[in-house]
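Report on the structure given below.
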Amino acid sequence: MNNCKPRTICSLFAALSGHKDTDLYTETSIISNIRHQVFTDIKVVPLVNVDIPLNGYVWDFYNHGIASAIRMDNQLKSGYDFEKLRDFTLLLKTITLSIEELEPTNPDDPVLKTFQKVSSTFYSLFNKAYHQH
């Protein structure tokens, strides 16, 4: 066993089948581990690549709501910031609506309340910064 690579995430049992830590979160691996009765298309599963550097412009915008600072501090082209922040606003609304539609709904659910608050705050900041009505 001296020639075995150390495992930190993948269990030793799974490693016996040839699984490696580096392959654990690939699109193919995730989709293949979902029950076969559930139709899953790789195009509709929200996956995030954790190995690429991410830009914090959404977080920055949420903290101060100044569009010109977002472009300058994060080196974004004019118009790109609007597009991406609008997309994020719609994503927050979609997630919030999806949580609201789950049955049974608890109006005091902390996750629901958090998404409602973050979504409404972000929407207000976006409309103020980009003069949307």
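Taken over segment 96-133, residues that are within 26 Å of R71 (Cα to Cα) and assigned to a helix (DSSP H, G or I) amount to 15. Against the criterion of being farther than 30 Å from T22 by Cα, modelled with pLDDT of 90 or more, aromatic (F, W, Y) and in contact with a Lys or Arg (Cβ under 8 Å, 6 or more places away or on another chain), F126 qualifies. Kindly indicate whether any position in segment 26-36 is in contact with an Asp or Glu (Cβ under 6 Å, 6 or more places away or on another chain) and either modelled with pLDDT of 90 or more or not assigned by TED's automatic domain parsing to the domain that holds F126 (or both). Looking for residues that are in contact with an Asp or Glu (Cβ under 6 Å, 6 or more places away or on another chain) and either modelled with pLDDT of 90 or more or not assigned by TED's automatic domain parsing to the domain that holds F126 (or both), one finds at least one in segment 26-36, hence yes. Applying the criterion of being touching a helix residue (DSSP H, G or I) at 6+ places or on another chain (Cβ under 8 Å) and surrounded by fewer than 15 Cβ atoms within 10 Å (Cβ to Cβ) to the residues of segment 111-127, the residue that is farthest from L90 (Cα to Cα) is V111.
The values are calculated or read from the model by the stated rules, or taken from the named source; none is laboratory data. Small disclaimer: the values here were computed from a predicted structure and weren't measured. Positions of Cβ are generated from backbone atoms using ideal geometry, with glycine treated the same way; all protein chains shown enter the neighbour counts.
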